[in-house]
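Comments concern the structure below.
The values are calculated or read from the model by the stated rules, or taken from the named source; none is laboratory data. This is a predicted model, so every value here is computed, not measured. Glycine also receives a Cβ, built like all others from the backbone with ideal geometry; neighbour counts cover every protein chain displayed.
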Amino acid sequence: MQRVLIRDVPSQIGKEVFLQGWVSVRRDHGKLVFLDVRDRSGSVQVVILPNHLESCVAVQDVRNETIISLIGKVNERPVNAKKEGELTGGVEIEALELKILAKGNEELPIDVSPVELDVNLDTLLNNRTVSLRHRKVQAIFKLYSLLLAGYDQACRNEEFLEIKTPKILSSATEGGANFFKIKYFDREAYLAQSPQFYKQAGATTFERVFEIGSVFRAEPHFTSRHVNEYVGLDGEMAFIDGVEDVMAMLEKILFATFASFGEAGQKELDCYLEHFPPQVAIPRIRLSDALQILEKEYGKKVENEDIDGEGERMMSEYVFKTYGSDFVFLTHYPAALRPFYSMPSADGKYTETFDLLFRGVEIASGGQRIHEYQMLIDSIRHKGLDPVQFQDYLNVFRYGAPAHGGWGLGSERIIQKLLGLGSIKEALLYPRDVKRLTP
Ligand code: AMO
């Protein structure tokens, strides 16, 4: 018999179907046994009646999370028994035959049957293959998959070419101290802190490129928004008039990405009682103005002309109150705070750069880049770096490059804020942090 997916069961009333899946919950009511069975497409209630116990004798050994197959008759449920929610409520399966395909050797380390999974972050991650069986945990990764597909398609629709760039590099792209040094045969190498140089090289040849790729950061942070390996959604585009072109493109791609989630995404968001961000024009606010707003509205004084995590939260709150937007572009960061490749503003003190905040957290950085060879060399020197170390990168500009700019989005932070997750680590299957290298 051909397997039927649970989402298709309601169209089979009166017929026999063959199902395979996991038992989410087993309930015994006198002589009746009820099983909530799920597969990748949904869940349905199965009942084992006393007169079928002989052909379903295996049910005796069925526990929560046992993996089974069954043949059953699809019955319409009485209206008053129809349940709302994830269970395919309108129908019930009367099991005729039941087999155990696999069952655990041991008790489950965590109970994944309640609607809310009541475990702390470490337990959730230490028992990842089990916690991933939970409906709400699965929702995170179903949304994540939609995010990757949506971003990919949105970039293609704008004629960005997908590229993949090396993650083992001879020098640290973004400078600073947050790089992982690795042994590369008889030399030292670095894990890529971003695809920055290669995507710029891409934009200066293909005009528009994007990459979905791993990023490694040796940041010794213990925060809810940092991990040491994440997936960046990068974009880079040439022939721009200025940084506004980059922000406008990022805004368009972001909103197109969210729009692509459709009903499938809404179903996952519903598990978290969350909503998509309203597609309101994203305000652009100069960082210096934002800092004044923080002082005036929240009495927050700032040092070094920079904004911290608390300031970002306050700014998001202010922007939502004032403009009804879940996003805000903070623009024109001081040159001292940005990498050497950032295009300086006319005054030389600020840069043509931005950060994009979403519900209180920075989800993207970007800006216009320096595309003139000598200016770039000067900027590298100005940061106290040695242009000799950047020869390959400089070659991109040696023979002429169009004005260009781009962005780097943190994919997991988007999902974290979309679902209101306490930690970014919940949005990674197997997160890496200072302490965690397993599972
Ligand atoms: P930046 O370093 O700001 O910019 O990174 C871009 C975006 O990546 C995400 N991100 C992180 N996510 C999780 N854990 C981390 N440790 C982490 N660090 C960064 C954030 C951030 O906004 N080359 C530039 C981008 C550009 O200008 O195109 C860059 O990498 O969401």
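For region 201-226, filtered to residues that are among the aliphatic types (A, V, I, L, M) and within 10 Å of the ligand (Cβ to nearest atom), the residue that is farthest from Glu362 (Cα to Cα) is Ala218. Go through the residues of region 418-435 one by one and say whether even a single one is in the same structural domain as Val215 (by TED's automatic domain parsing), of a type in the set (S, T, N, Q) and in a helix (DSSP H, G or I). No, region 418-435 has no match at all. Of the candidates Ile377, Ile370, the single residue that is surrounded by fewer than 18 Cβ atoms within 10 Å (Cβ to Cβ), modelled with pLDDT of 95 or more and assigned by TED's automatic domain parsing to the domain that holds Leu291 is Ile377. Within region 196-207, work out how many residues are buried (at least 20 other Cβ atoms within 10 Å of the Cβ) and without any contact (Cβ under 8 Å) to a residue 60 or more places away in the chain. So the answer is 2.
Determine if region 151-167 includes at least one residue that is small (Gly, Ala, Ser), within 21 Å of Phe276 (Cβ to Cβ) and assigned by TED's automatic domain parsing to the domain that holds Pro387. Yes, there is a match, as at least one residue in region 151-167 is small (Gly, Ala, Ser), within 21 Å of Phe276 (Cβ to Cβ) and assigned by TED's automatic domain parsing to the domain that holds Pro387.
Going through region 295-335 one residue at a time, which ones are within 11 Å of Pro283 (Cα to Cα) and touching a Lys or Arg at 6+ places or on another chain (Cβ under 9 Å)? If the condition is that a residue be within 11 Å of Pro283 (Cα to Cα) and touching a Lys or Arg at 6+ places or on another chain (Cβ under 9 Å), then Ser316, Phe320, Asp326, Phe327, Val328, Phe329, Leu330, Thr331 are the ones that fit.
In a loop (DSSP other than H, G, I, E, B), on the phi < 0 side of the Ramachandran plot and within 38 Å of the chain's Cα centre (by Cα) - does that describe any residue in region 21-31? No, the conditions are met nowhere in region 21-31.
Taking the listed residues Tyr190, Tyr198, the one that is within 16 Å of the ligand (Cβ to nearest atom), closer than 24 Å to Phe397 by Cα and in a strand (DSSP E or B) is Tyr190, with no other qualifying.
Got at least one residue in region 404-421 being within 16 Å of the ligand (Cβ to nearest atom), surrounded by 15 or more Cβ atoms within 10 Å (Cβ to Cβ), over 30 Å from Leu269 (Cα atoms) and not charged (D, E, K, R)? Yes, that holds for at least one residue.
Considering Glu263, Glu229, the condition of being among the charged types (D, E, K, R), more than 15 Å from the ligand (Cβ to nearest atom) and over 20 Å from Thr353 (Cβ atoms) is satisfied by Glu263 alone.
Read through the list (1) hydrophobic (A, V, I, L, M, F, W, C); (2) modelled with pLDDT of 95 or more; (3) buried (at least 19 other Cβ atoms within 10 Å of the Cβ), then give the number of the only condition that Ala58 fails. With respect to (1) hydrophobic (A, V, I, L, M, F, W, C); (2) modelled with pLDDT of 95 or more; (3) buried (at least 19 other Cβ atoms within 10 Å of the Cβ), Ala58 is out only on (3). Exactly one residue out of Ser214, Ser260 is surrounded by fewer than 19 Cβ atoms within 10 Å (Cβ to Cβ) and assigned to a strand (DSSP E or B): that is Ser214.
Selection of region 163-187 for residues being part of a strand (DSSP E or B), in contact with a strand residue (DSSP E or B) (Cβ under 7 Å, 6 or more places away or on another chain) and loosely packed, with under 12 Cβ neighbours inside 10 Å yields Ile168, Lys181. Assess whether Ala248 counts as being on the phi < 0 side of the Ramachandran plot, among the hydrophobic types (A, V, I, L, M, F, W, C), free of Cβ contacts under 8 Å to residues at least 12 places away in the same chain and part of a helix (DSSP H, G or I). For Ala248, the condition - on the phi < 0 side of the Ramachandran plot, among the hydrophobic types (A, V, I, L, M, F, W, C), free of Cβ contacts under 8 Å to residues at least 12 places away in the same chain and part of a helix (DSSP H, G or I) - is met. You will find that of Leu147, Leu169, the residue that is within 16 Å of the ligand (Cβ to nearest atom) and in contact (Cβ under 8 Å) with a residue 40 or more places away in the chain is Leu147 and no other.
In a residue-by-residue description of region 381-391, the property of being buried (at least 22 other Cβ atoms within 10 Å of the Cβ) and more than 9 Å from the ligand (Cβ to nearest atom) applies to no position.
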